[in-house]
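Participant: Structure in C-alpha cells, see below.
The values are calculated or read from the model by the stated rules, or taken from the named source; none is laboratory data. Owing to the predicted nature of the structure, the values given are computational and were not obtained by experimental measurement. Positions of Cβ are backbone-derived with ideal geometry, glycine not excepted, and every protein chain shown enters the neighbour counts.
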Amino acid sequence: MTAPATDAPTLLEVRSLRKFFPVTEGILARRLVGEVRAVDGVDFTLRRGETLGLVGESGCGKTTTGRCILLLERPTAGEILYDGVDLTRLKHKQLLALRRRIQVIFQDPYSSLNPHMKVGDIIAEPMKVHAIEPDAARRAARVRELLAICGLSPNFADRYPHEMSGGQRQRVGIARALALDPEFIICDEAVSALDVSIQAQIVNLLEDLRERFGLTYLFIAHDLSVVRHLCQRVAVMYLGRIVELADCDELFDNALHPYTRALLDAVPVPDPSVEADRRFRPVKGEVPSPINPPLGCVFHPRCPIAVESCSRIRPELREVRPGHWVACSEVR
Amino acid sequence: MAPLLEIKDLHTEFRTGAGVVRAVDGVSYAVEQGETVAIVGESGSGKSVGALSILRLIPDPPGRITRGEVLFAGRDLMQLPDAQMREVRGGDIGMVFQEPMTSLNPVLTIGRQITETLEQHRRADRAAAHKRAIELLGLVGIADPARRLKQYPHELSGGMRQRVMIAIAIACDPKLIIADEPTTALDVTIQAQILELMNGLTRRLNAALIIITHNLGVVARYAKRVNVMYAGRIVESGPAAAIYHSPRHPYTMALLRSVPRLDRPRRARLDPVDGQPPDLTRLDQGCAFRPRCRFAIEACAKAWPPLEPVGPAGHLCACLRGHEIGAATGAAA
C-alpha cells in the first residue's frame, strides 16, 4: 500500500463502455432472441502508478470489462482511452505495439499455462511473439532473470507446469506478464484460486513488483479483504454497472451504496468473538439475469432502502463527497 | 453419554503413479449431538477425503480406507454391510457437496431427486413423498415450490441448486449433516444466505453439522469446535475461541496471520506462510509442516508429534513446542 498518486497523469480512461453478447435460438437458422448486457455503461479512470480494484459477484461484468480493455472482446460501444489513444479504433498492427505495454494475469494457474510447454518457453513466448529478443541465449538469460524476480529458482525454466504447485504456477504467469516490461497489468482474480497460505505470498509479490517497476494495476477480484489490502481506489460493480467508486479507505469505512454495504456485511471475519457480536441479516434474493435486467436501478428488487421511483429511474453515478461516487438516489 | 460420531485413527490411502499418498493419516475426533464442528485446511490437507471416508465414498481403486473406526450412534460404519451403509447415507447422515451442478443428477427433475430419497429411506408412497418435497423446498426458502419440483437442475441458479441439495440432505431428518465446502462455489451474498439457512435448519432439527472449509471467516461465524488439518493429520483441535485467540500450532498461527481482515486497520505487508504446500508423495516420518515452520528444531524431523492437551476444554495440539510457543506468542497472534 503506497500513497495514492493523486496528481499522476491519467493512464486509462474508460468511457460509457458497453458490451452486449447476443443470445440466439435455433440450430440452423439462428435467430437473435435477446442480448446479455454484460457491461452496460461503465466509466472510470486510472492514474499512472495507481491500483484500482474492480469488485463484484459473478456476472457483474468485471471480467468482461477487463477483457474489453485488453481488446480480447470488441466493445459494443464506448471508448477506451489508453494514454490518450482510443484502443477501440486502432488497427491490428498499432494494437500489437500497444499490447506490449498492457499485460494480464489470469485466475487459474492450471489452465492459463500450456501444459506441453516448459516454463522457460512459456515465459519466453511473449518475447518471441513481439520479436524483442531474437538472440536465444539472451532470451534464456532474461527468462532466468524473470524467474528470479518472481521468487523462483532459475532451474524452473526446464520444468513443466504440472511439476509445480499452484502458487509456483501463478508466479510463472506473473513472470510471463512481466516479460515485455509492461506498464499496466490487469490482474483478473489473480489470487482467487490459491490456498490461503499461498495467497499472501502472491499479494506481497504483486506489491513488490508494483514498487519496483512502477506498475499500474487493474485488480479484478471478488475477495474484498484482498482488494482492501492492495488497492488505492475501488469500484464496485453490480449487473454490468458501477454502483460505487471511492478511495479504498473511504469505501470500506463509509460505504454508501446499499449493495456495497450488503457485500461488506456478508464477509465473515475470521474471529469468533467479533462474529458473535455482529448482527447480520443476509441480503435477500439473487442477482437477476443480465438478459432482462430490472428497469430503473438494477439493485432495487433486492434493496432494503428502495423507494417507488427506484423501479423507474436509473440512478447515475454522482459525486456525493470529493472522490466518492455513488449510483443511488436515496444516498444524500 | 457417548458422542454422536466418533472417529478413531482413520487412515485413507490413494495409490498414484508417484507413489502411495496417505491422504488421511490417523485422524481421530468426535462430534456431539447437535454440535457444529469445522474441519479447516488447505487443498491436499485431507479434509474432504476424511469426510468422504466417514461415508465410505472413497473410489476404490485408487483409494482405500486402510484402518480406523467410525462409530456413529453406536455402530462402526466401517463394518456395516453395503446395504445398511446405503441406508445411513442420505438417511441418518445427510450430505451437501461443494458443486451443486455436479452433485445433482442433470437428467432428473428436482422433485424426483427429493422424492427418491424419501422413497428409499422412509418407504414413503408417491403422494406422501411429493407433499413432503413441497414442504422441504419451502423450508429451504424456495418460492413457488410446486413449480420448482418440475424443473431440472440446469434451470436453477447456483444458490438455488445448493438449496435443493440442502433439502435432500435434511429430507430424512438426519442426525448429522456433512457439508463439504458448501458455499465455496457461490458468491459472497449467496454464501451468506446459504450458511444462515444451514445453520438455522441444523438447529431446528437438532442435527450435528460437520462443515469442511478453507474459509476461516465461515468457521469463526458458525463453528463451536475446530479441527485444523495439515498433510492428512489434525494438527490442532479445540473450541473455536481457543483456536482463534490462543492458537498453539505454528501452522494455525501462520494461517491466521496471513489473511487480511476487514475489521482491522490495513497492514503495510501481509505475513504469508513461507514455502510451498507439502508434496504428499514425499513425506518422511517427521512433522510435515517442518520445512515451512519458523519454530522447527532438530527433533521435529524424528517423528510427527501426537495430539496432546495444551489448554482447557479439549484444546489439543500436535507440536513439540506447542506449550512454549503458545505461552510466548499466542496472545499476540
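Participant: So B:A223 clears everything in (1) away from chain A (no Cβ under 14 Å); (2) within 22 Å of B:L55 (Cα to Cα); (3) not β-branched (V, I, T) except one condition, right? Which one?
Facilitator: (1)
Participant: While we're looking at this one, here's another question. In this structure, does B:L149 turn out to be buried (at least 19 other Cβ atoms within 10 Å of the Cβ) and at pLDDT below 90? Walk me through how you get there before you give the answer.
Facilitator: On the way: buried (at least 19 other Cβ atoms within 10 Å of the Cβ): yes; at pLDDT below 90: no.
Answer is no for this residue.
Participant: Is at least one residue of segment B:199-215 at the interface with chain A (Cβ under 7 Å from one of its Cβ atoms), surrounded by fewer than 24 Cβ atoms within 10 Å (Cβ to Cβ) and either under 19 Å from B:S45 (Cβ atoms) or in contact with a strand residue (DSSP E or B) (Cβ under 6 Å, 6 or more places away or on another chain) (or both)? If you could, list the steps in order and put the result at the bottom.
Facilitator: Residues of segment B:199-215 at the interface with chain A (Cβ under 7 Å from one of its Cβ atoms): B:214.
This time we only want the ones that are surrounded by fewer than 24 Cβ atoms within 10 Å (Cβ to Cβ), so: B:214.
Within this subset, residues satisfying the condition of being either under 19 Å from B:S45 (Cβ atoms) or in contact with a strand residue (DSSP E or B) (Cβ under 6 Å, 6 or more places away or on another chain) (or both) are B:214.
Within segment B:199-215 (the criterion being at the interface with chain A (Cβ under 7 Å from one of its Cβ atoms), surrounded by fewer than 24 Cβ atoms within 10 Å (Cβ to Cβ) and either under 19 Å from B:S45 (Cβ atoms) or in contact with a strand residue (DSSP E or B) (Cβ under 6 Å, 6 or more places away or on another chain) (or both)), the answer is yes, since at least one residue qualifies.
Participant: Within segment B:1-50, can you find the residues that are among the hydrophobic types (A, V, I, L, M, F, W, C) and either out of contact with any strand residue (DSSP E or B) (no Cβ under 9 Å at 6 or more places or on another chain) or part of a loop (DSSP other than H, G, I, E, B) (or both)?
Facilitator: Here is the first cut: in segment B:1-50, the ones among the hydrophobic types (A, V, I, L, M, F, W, C) are B:1-2, B:4-5, B:7, B:10, B:14, B:18, B:20-21, B:23-24, B:27, B:30-31, B:37-40, B:49.
Within segment B:1-50, B:M1, B:A2, B:L4, B:A18 meet the criteria.
Participant: Do we have B:L307 as in contact with a Ser or Thr (Cβ under 8 Å, 6 or more places away or on another chain), more than 26 Å from B:A30 (Cα to Cα) and crowded, with 19+ Cβ neighbours inside 10 Å here? Let's see the steps before the verdict.
Facilitator: On the way: in contact with a Ser or Thr (Cβ under 8 Å, 6 or more places away or on another chain): yes; more than 26 Å from B:A30 (Cα to Cα): no; crowded, with 19+ Cβ neighbours inside 10 Å: yes.
Considered against the rule, which asks whether it is in contact with a Ser or Thr (Cβ under 8 Å, 6 or more places away or on another chain), more than 26 Å from B:A30 (Cα to Cα) and crowded, with 19+ Cβ neighbours inside 10 Å, B:L307 comes out as no.
Participant: Can you tell me which residue in segment A:298-332 is surrounded by the most Cβ atoms within 10 Å (Cβ to Cβ), limited to those that are of a type in the set (A, V, I, L, M, F, W, C) and assigned to a strand (DSSP E or B)? Explain how you work it out, then say what you get.
Facilitator: The initial filter retains those residues of segment A:298-332 that are of a type in the set (A, V, I, L, M, F, W, C), namely A:298-299, A:303, A:305-307, A:310, A:313, A:317, A:320, A:325-328, A:331.
Among the residues that remain, those that are also assigned to a strand (DSSP E or B) are: A:320, A:325-326.
On the way: A:V320: 15, A:W325: 20, A:V326: 26.
Restricting to residues being of a type in the set (A, V, I, L, M, F, W, C) and assigned to a strand (DSSP E or B), the top hit is A:V326.
Participant: Filter segment A:258-288 for residues that are touching a residue at least 12 places away in the same chain (Cβ under 8 Å), assigned to a loop (DSSP other than H, G, I, E, B) and in contact with a Leu (Cβ under 9 Å, 6 or more places away or on another chain) and give the result.
Facilitator: A:V267, A:P282, A:V283, A:V287, A:P288
Participant: If A:V203 satisfies all but one of (1) in contact (Cβ under 8 Å) with a residue 24 or more places away in the chain; (2) within 14 Å of chain B (Cβ to nearest Cβ); (3) farther than 27 Å from A:D265 by Cβ, what's the number of the condition it fails?
Facilitator: Unmet for A:V203, out of (1) in contact (Cβ under 8 Å) with a residue 24 or more places away in the chain; (2) within 14 Å of chain B (Cβ to nearest Cβ); (3) farther than 27 Å from A:D265 by Cβ: (3).
Participant: Could you pull out the residue among B:Q120, B:Q113 that is in a helix (DSSP H, G or I) and modelled with pLDDT of 90 or more?
Facilitator: Values: B:Q120 fails: modelled with pLDDT of 90 or more.
After applying the criteria, what remains is B:Q113.
Participant: Can I ask one more? Taking segment B:99-129 as the region of interest, how many residues are closer than 27 Å to B:I190 by Cα, in contact (Cβ under 8 Å) with a residue 12 or more places away in the chain and surrounded by fewer than 20 Cβ atoms within 10 Å (Cβ to Cβ)?
Facilitator: 8
Participant: Could you tell me which residue of segment B:184-198 is nearest to the other protein chains (Cβ to nearest Cβ), considering only residues that are touching a residue at least 12 places away in the same chain (Cβ under 8 Å) and of a type in the set (A, V, I, L, M)?
Facilitator: B:I190
Participant: I'm trying to understand the selection: among the residues of segment A:282-297, which are exposed (fewer than 12 other Cβ atoms within 10 Å of the Cβ) and not polar (S, T, N, Q)? Can you show your working first?
Facilitator: From segment A:282-297, those exposed (fewer than 12 other Cβ atoms within 10 Å of the Cβ) are A:292; that's our starting set.
Across segment A:282-297, there are no qualifying residues.
Participant: Give B:Q98, B:Q162 a once-over and let me know the one that is under 25 Å from B:T184 (Cα atoms), in contact with a strand residue (DSSP E or B) (Cβ under 9 Å, 6 or more places away or on another chain) and assigned to a loop (DSSP other than H, G, I, E, B). Full working, then the answer.
Facilitator: Numbers: B:Q162 fails: assigned to a loop (DSSP other than H, G, I, E, B).
Result of the check over B:Q98, B:Q162: B:Q98.
Participant: Go through segment B:1-24 and report how many residues are buried (at least 23 other Cβ atoms within 10 Å of the Cβ) and either under 11 Å from the mean Cα position of the chain (by Cα) or of a type outside the set (A, V, I, L, M, F, W, C) (or both).
Facilitator: Of the residues in that region, 1 qualify.
Participant: Next question, about the same structure. Which one is farthest from the chain's Cα centre (by Cα) among residues in segment B:274-293 that are at pLDDT below 90 and surrounded by 15 or more Cβ atoms within 10 Å (Cβ to Cβ)?
Facilitator: B:G275
Participant: Another question about this same structure. Before we move on, is A:I105 under 22 Å from the mean Cα position of the chain (by Cα), surrounded by 14 or more Cβ atoms within 10 Å (Cβ to Cβ) and touching a residue at least 24 places away in the same chain (Cβ under 8 Å)? Steps first, please.
Facilitator: On the way: under 22 Å from the mean Cα position of the chain (by Cα): yes; surrounded by 14 or more Cβ atoms within 10 Å (Cβ to Cβ): yes; touching a residue at least 24 places away in the same chain (Cβ under 8 Å): yes.
Answer is yes for this residue.
Participant: Something else: Are any of the residues in segment B:237-249 facing chain A (nearest Cβ under 9 Å), under 21 Å from A:E57 (Cβ atoms), in a helix (DSSP H, G or I) and of a type in the set (V, I, T)?
Facilitator: no
Participant: For A:A221, work out the one condition from (1) modelled with pLDDT of 95 or more; (2) more than 10 Å from chain B (Cβ to nearest Cβ) it doesn't fulfil.
Facilitator: The single condition A:A221 does not satisfy is (1).
Participant: For segment B:256-275, give me each residue that is in contact (Cβ under 8 Å) with a residue 12 or more places away in the chain and part of a loop (DSSP other than H, G, I, E, B). Reasoning before the result, please.
Facilitator: Just the residues of segment B:256-275 that are in contact (Cβ under 8 Å) with a residue 12 or more places away in the chain, to begin with: B:256-259, B:270-275.
Matches in segment B:256-275: B:V259, B:L270, B:D271, B:P272, B:V273, B:D274, B:G275.
Participant: Moving to a separate point now. Scan segment B:54-67 and report the pairs whose first residue is touching a residue at least 60 places away in the same chain (Cβ under 8 Å) and whose second residue is of a type in the set (V, I, T), with Cβ atoms within less than 6 Å and a gap of 6+ or a chain change.
Facilitator: Between residues of segment B:54-67 that are touching a residue at least 60 places away in the same chain (Cβ under 8 Å) and residues that are of a type in the set (V, I, T), the close pairs are B:I54/B:V70.
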